[in-house]
There are 2 protein chains.
Amino acid sequence: MELQDYLPIWKKLTPAQQRQLKDGTVGRAVKKGTVLHSGSADCTGLFLVRQGQLRAYILSDEGREITLYRLFERDICLFSASCILHSIQFEVMIEAEKDTELWVIPSRLYQQIMEESAPVANFTNEIMATRFSEVMWLMEQIMWKSFDKRLARFLLEESALEETDLLKITHEIIGNHLGTAREVVTRMLRYFQGEGMVKLSRGTVELRDRTKLESLAEG
Amino acid sequence: MELQDYLPIWKKLTPAQQRQLKDGTVGRAVKKGTVLHSGSADCTGLFLVRQGQLRAYILSDEGREITLYRLFERDICLFSASCILHSIQFEVMIEAEKDTELWVIPSRLYQQIMEESAPVANFTNEIMATRFSEVMWLMEQIMWKSFDKRLARFLLEESALEETDLLKITHEIIGNHLGTAREVVTRMLRYFQGEGMVKLSRGTVELRDRTKLESLAEG
């Protein structure tokens, strides 16, 4: 897979821009646990995930974390190049959750092409809108529903009732219990899975980290 | 003041684009309390505030609100035209907090110009990054900072906006702004009153000790 396969707008670039990107982009391989980017001081460049998994999160002064979203194969991380957008005023951390291979497009190169190319600027817009939507979803869930807490509590109660860590239950039934749409349950369970709290398989939810679930349920 | 004074990128538009914008943009005046936009179903257009004040907020199923940000003279509201960005998947409400005059640029017109003009696309990017930063700030406030700090900050901001120490505002409305139940607001305001920071009367909150409020807000 070549660089152009990761950039849906490749064909809308001029030959000169394509050449600049090919020459300027650097391949990188990092081990699980590597922090690839920490806050705005560090304007590394755009990351294109070739293989593996990255996690974007924010960090409080007290060292608490919130996962904002994850990036998988073919995803693009904009906030590792946040200096290209002057108005981004928050600090995102990026770490590799698995051994990861990625392309890095240097920030200045990308910025220069974005300034002259409407397709690149609009593509960047869509990436930002996607991340913005993910963050809004998370904020609504946490603030209004305390849905993360309620779901953690429900899973622990079910586990106590059934005397097992392997719950045979569908997302739809959980949704019915909690008065929430199945899609919302699925999305939050995937978030839990990403955080190592549960493991999902067809028709089952396995509790993998009771301590973490309990601290969430009581929080 | 003409339309071009509100668009810093005006000079980077072609004469044809300038003419299209001038012909297509509509002036509008609304009374305080008017809901100008409610969610994505309604893709009204970009709002440019000429005079007055708009509030962008989200609304839960149960009718609770959180203020995301405010828009003042010369500010541009993107989310009233969220259909131009396919990846925006959340619903923002916009209401006039004061009698407001605005320009409305129809969504399709703006989208068409954005698709062909790199300066317009990059300008749009910066607006979105600004709003994204405001929302991230808010999320960090909510999740990490305690409510007393947020309330103190809110009272100081309202006081600066209204240019008075005597705020005419109910606990319920404060709760809507901060995504908190009225009871929580009342309890914290009484605590503030006990500390001599505010004085409460029916329908008003008077700021009595700005220094103390400020040190709490910054703490």
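Which links in A:LYS168/A:LYS199; A:LYS212/B:LYS149; A:LYS32/A:LYS199; B:LYS98/B:LYS212; A:LYS98/A:LYS199 stretch past 22 Å when you go from one Cα to the other?
Checking Cα-Cα distances, A:LYS212/B:LYS149; B:LYS98/B:LYS212 exceed 22 Å.
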Original post:
Can you tell me the Rg and the Dmax, both Å, for the Cα atoms in the protein assembly as shown?
Top reply: 23.8, 73
**OP:** List the equivalent ellipsoid semi-axes of segment B:73-201 in whole Å, largest first, each obtained as the square root of 5λ for an eigenvalue λ of the Cα gyration tensor.
**Re:** 36, 16, 13
**OP:** Sort shortest first the distances from A:ARG108 to its counterpart in every other copy, using label points 7 Å along the Cα-to-beta-carbon line, and give them in nm.
**Re:** 4.4
Original post:
Along Cα→Cβ at 7 Å, what distances in nm separate the A:THR67 label point from those on the other copies, shortest first?
Top reply: 3.4
**OP:** Count neighbours as other Cβ atoms within 10 Å of each site's Cβ, and list the chymotrypsin sites (Phe, Trp or Tyr not before Pro) in segment B:1-81 that are DSSP loop with at most 15 such neighbours.
**Re:** B:PHE72
Original post:
Build a GNM of chain B with springs between Cα atoms under 10 Å: which of B:ILE88, B:ILE113, B:ILE66 gets the top mean-square fluctuation?
Top reply: B:ILE88
Original post:
How far is A:GLU183 from itself in the other copies, in nm, if each label sits 7 Å out from Cα along the Cα-Cβ line, shortest first?
Top reply: 3.3
Original post:
In segment A:21-121, which GluC sites (Glu not before Pro) are in a loop and have at most 10 other Cβ atoms within 10 Å, using DSSP for the loop call?
Top reply: A:GLU62
Subject >> Mean Cα-pair separation over length for segment A:143-193, i.e. relative contact order, pairs under 8 Å, 6 or more apart, % >> reply: 25
Original post:
How about segment A:1-48: which trypsin sites (Lys or Arg not before Pro) there are in a DSSP loop, with at most 14 other Cβ atoms within 10 Å of their Cβ?
Top reply: A:LYS31, A:LYS32
**OP:** Report the calculated FRET efficiency for A:VAL26 and B:TRP137 (r = Cβ-Cβ distance, R0 = 30 Å), to the nearest 0.05.
**Re:** 0.40
Subject >> Accessible surface of segment A:108-219 [probe 1.4 Å, protein heavy atoms]: carbon and sulfur percent >> reply: 46
Original post:
Accessible area per residue of chain B at 1.4 Å probe, in Å²?
Top reply: 47
**OP:** Express the relative contact order of chain B as a whole percentage, based on alpha carbon pairs under 8 Å and six or more residues apart in sequence.
**Re:** 20
**OP:** Work the Kirkwood hydrodynamic radius out for chain B: mean of 1/r over every pair of different alpha-carbon atoms, inverted, in Å.
**Re:** 18.9
Original post:
Between segment A:91-120 and segment B:160-219, how many Å separate their Cα centres?
Top reply: 44
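Rounded to the nearest percent, how much of the accessible area of segment A:16-100 (1.4 Å probe, protein heavy atoms only) is carbon and sulfur?
Numbers: 1680 of 3870 Å².
Roughly 43 percent, rounded to a whole number.
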Subject >> Total accessible area lost when A and B pair, probe 1.4 Å, Å² to nearest 100 >> reply: 3600
Subject >> Nitroxide proxy distance, nm - points 7 Å out along Cα→Cβ at B:VAL184 and B:ILE9 >> reply: 3.8
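The values are calculated or read from the model by the stated rules, or taken from the named source; none is laboratory data. Small disclaimer: the values here were computed from a predicted structure and weren't measured. Here Cβ is always computed from backbone atoms with ideal geometry, including for glycine, and neighbour counts include all displayed protein chains. Each accessible area value is taken on the protein alone, full model and side chains, heavy atoms only, with ligands, DNA and RNA left out. Shrake-Rupley method; radii C 1.70, N 1.55, O 1.52, S 1.80 Å.
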